Amino acid sequence: MNIQLLTTTFDLPIRFQEVSRWRGAWCELAGWEQDRFHNHRSGDGKVIFRYPLLQYRSHRRQAGFVAIQEAETDVQRTLAAKEWAIRWKDEPHPLGLLNLQLETYEVHLDKQWHTYRLSNYLPFNSSNYERWQSMTLLTEKIALLHRLISGHLISFAKGINWRIPARFEVEITDWYRQQPRVLHDVLRPAFDLEFRTQLFLPSGIGIGKGVSHGFGVIRRQTVSKRSKREQSALALQSALS
């Protein structure tokens, strides 16, 4: 299945913690009637539970976003029709475009492994966070993360109307860090890790909680980027399986 990704970066310096503010500023510019930009119903403000097709980012400390499928058309229409200016920190701020890139990817399932870096991944809702906290063995925690990543990949597939044709696996191949992050006034652990799967996915999409706020960004890794330590971890995992 082919999908389109529109990646944009603007000349608005922001930190990761300001992505939510950037999201609100863009929605003010575009108009709150565009529910794909914020996933709330325009009438009563209730949340629309679906995979966010517009995902806001801080890329190299500049404001941007990734628009997927139908959201790409909405963004192009907004940029063509609106004056490029937002209100930022109570001051008017003109937006200049630093980068705009439209790419087409073929997402598919095949027989080989594909390796991805996953940054600021928020895997937990309230119930599975309680399960995580009750676990004592690292093997149990890794197994839970495997299941959660798999579930979030399926949610992405459903969000773009892609029916994955067969079962796939997820294996964590490296672990970089775990740190506390706040989303909607709730503190949860966020993970930077590497995993592999038989799904071929585009770089730049998000999975997990808070993807419209910059969490859970996937970047495809090539073999040349993997360190000897990472390759040793894969060899050990294969030997133990």
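Brief remarks on what is shown
- Distance cut-off 20 Å, percentage of C-alpha pairs in the stretch 81-153 lying past it: 61
- For the chain, averaging the sequence separation of C-alpha pairs within contact (under 8 Å, six or more residues apart) and dividing by the residue count gives a relative contact order of 24 percent.
- The residues of the chain expose, per residue, 54 Å² of accessible area to a 1.4 Å probe.
- A Gaussian network model of the chain, with springs between Cα atoms under 10 Å, assigns the largest mean-square fluctuation among E18, E130, E33 to E130.
- For K82, the accessible surface of its heavy atoms amounts to roughly 80 Å² (probe 1.4 Å, protein chains only, rounded to the nearest 10).
- Solvent-accessible area of the chain (1.4 angstrom probe, protein heavy atoms only): carbon and sulfur portion equals 49 percent.
- Loop-located trypsin sites (Lys or Arg not before Pro) in the stretch 6-72 (DSSP state other than H, G, I, E, B) with a sparse environment of at most 15 neighbouring Cβ atoms within 10 Å: R15, R41, K46, R50, R60, R61.
- Using R0 = 22 Å, the C-beta based FRET efficiency linking A85 and R61 works out to 0.60.
- Protein-only accessible surface at a 1.4 angstrom probe places the residues S127, S58 in the order S127, S58, largest first.
- Three principal axis extents of the chain based on alpha-carbon atoms, in descending order, are 59, 37, 33 Å.
- Percentage of interatomic Cα-Cα distances in the stretch 1-78 larger than 14 Å: 61
- Cleavage-rule hits (chymotrypsin sites (Phe, Trp or Tyr not before Pro)) in the stretch 73-168: DSSP loop, at most 13 neighbouring Cβ within 10 angstrom: W84
- With respect to the chain, whose longest principal axis is taken over its alpha-carbon atoms, helix 19-30 is tilted by about 40°.
- For the stretch 138-226: rounded, prolate or oblate by the Cα gyration tensor [a/c cutoff 1.5]: rounded
- Considering only V211, V19, V107, the mean-square fluctuation computed in a Gaussian network model of the chain, springs between alpha carbons under 10 angstrom, is largest for V107.
- The stretch 48-110 and the stretch 144-210 have their alpha-carbon centroids 21 Å apart.
- Within the chain, helix-based [θ] at 222 nm, where runs of 4 or more DSSP H residues each add -39,500 (n - 2.57), nearest 500: -9000 deg cm²/dmol
- Gaussian network model of the chain, Cα within-10 Å springs - most flexible of Q133, Q69, Q198: Q133
- More than 16 angstrom apart: percent of Cα pairs within the stretch 27-72: 42
- For the stretch 210-218, 3J(HN,Hα) computed residue by residue from phi via the Karplus equation (6.51, -1.76, 1.60; θ = phi - 60°) reads x, 5, 6, 10, x, 8, x, 7, 9 Hz, glycine and proline entered as x.
- Rough spin-label spacing in nm, given labels placed 7 Å along Cα→Cβ, for R21 and F168: 3.7
- Amide H contacts under 5 Å for H40, placed H, 5+ residues apart: I48
- If you sort the three axes of the alpha carbon gyration tensor as a ≥ b ≥ c, you get a/c of 1.5 or more for the stretch 17-160 and a/b above b/c, which makes it prolate.
The values are calculated or read from the model by the stated rules, or taken from the named source; none is laboratory data. Since the model is a prediction, treat every value here as computed from it, not as a measurement. Note that each Cβ is placed from the backbone with ideal geometry, even for glycine, and that neighbours are counted across all protein chains shown. Calculation scope for accessible area: heavy atoms of the full protein, side chains included, ligands and nucleic acids excluded. Shrake-Rupley method; radii C 1.70, N 1.55, O 1.52, S 1.80 Å.
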